[in-house]
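Data first, discussion second: the structure below is written as C-alpha cells.
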Amino acid sequence: MSGSLRENVGKKDAKAQRKAGNVICVMYGGKEQISFTLPEKKFDKIIFTPEVYLIDLEIGGNKYVALLQDVQYHPVSDKVLHADFLQVLEKKPITVSMPVILEGVPIGVMNGGRLVNKMRKLTLRGLFTNIPENIVLDISSLKIGMGIQVKEVELENITFLDDPSNVIVNIKTARGVEEDDEEDEEGTEGEEGTESEAAE
C-alpha cells in the first residue's frame, strides 16, 4: 500500500483529506511517529477479514512493514476516518490479537452437546517471525463438560497475555437434551406406577 506523508497535521487538512477520499493514518513503534494518508478504498481487504496481515507500506519513498492496530469509523456513515499502524521491526517483539480457528467436530456435539466458543481471539506477544497467521485448535476429542483453556495452548517462542485460566471453547449439555432425559424418566415412572396399580 502506498501512502502520502502529511505535511500539515491540522483539522483543516484532515477534513480536506477525507473529502478527497483519503484516510488519516499514524504509524508508531519505530524511531519516530509518522503521519500519512491512504486511499480509503485500499482498506477493504484489510478491514473486512478476521485475519491479521503484515502490510507493506511505502510512504515518502521509504518502505515499512506494519500491522493495522486500530480503526475509527464515522458514527453515522461508517466511513473509515482514522487508522493506527504499528511498525514491525525484526528484533522488536510485538503484541497482537490473533483469531482462533476451531477444527473438527467434537464428540460431545455428536452426542447432543452444545459448542460454546468463548474467545474468538487470543492476545500474544513475540517476534513477528514467530507469530502464526492464526491459532488452530483441534476440538474433535472434546466430550460434554470438557473444554480448552488458554494455558493449554502452546506456541514456540510466544507468550500469551490472556488469563491462563480463561476458557477458549467448551462443550455444554444442551438444554433440550436435559429436558428430554427428565421427561423420559418421568414417563417411565408413570408407566411403572400404572402397571403396579393395574396388578393390584
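A few comments on the model shown:
- The conditions of being acidic (D, E) and touching a strand residue (DSSP E or B) at 6+ places or on another chain (Cβ under 8 Å) are met by D56.
- When restricted to residues that are touching a helix residue (DSSP H, G or I) at 6+ places or on another chain (Cβ under 8 Å) and farther than 14 Å from S2 by Cβ, the range 19-39 contains 2.
- Residue count for the range 75-126 satisfying the condition of being of a type in the set (A, V, I, L, M, F, W, C) and closer than 18 Å to V153 by Cβ: 10.
- Matching residues in the range 61-92 - criterion: being surrounded by 12 or more Cβ atoms within 10 Å (Cβ to Cβ) and of a type in the set (G, A, S): A66, A83
- Checking each residue in the range 96-134 for being over 10 Å from the mean Cα position of the chain (by Cα), within 16 Å of K151 (Cα to Cα) and either free of Cβ contacts under 8 Å to residues at least 40 places away in the same chain or crowded, with 18+ Cβ neighbours inside 10 Å (or both) picks out L124, R125.
Yes/no per residue for (1) touching a strand residue (DSSP E or B) at 6+ places or on another chain (Cβ under 7 Å); (2) among the hydroxyl-bearing types (S, T, Y); (3) not assigned by TED's automatic domain parsing to the domain that holds I171:
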| residue | (1), (2), (3) |
| --- | --- |
| I107 | no, no, no |
| G112 | no, no, no |
| L115 | yes, no, no |
| R120 | yes, no, no |
| G126 | yes, no, no |
| I135 | yes, no, no |
| S140 | no, yes, no |
| M146 | yes, no, no |
| V153 | yes, no, no |
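- Those strands (runs of 3 or more DSSP E) of the range 1-75 in which 3 or more residues are within 25 Å of the chain's Cα centre (by Cα), under 26 Å from T129 (Cα atoms) and not assigned by TED's automatic domain parsing to the domain that holds I131 occupy 22-28, 54-59, 62-73.
The values are calculated or read from the model by the stated rules, or taken from the named source; none is laboratory data. Because the structure is predicted, anything quoted here is derived from the model rather than measured. Using ideal geometry, Cβ is built from the backbone for each residue, glycine included, and neighbour counts are taken over all protein chains shown.
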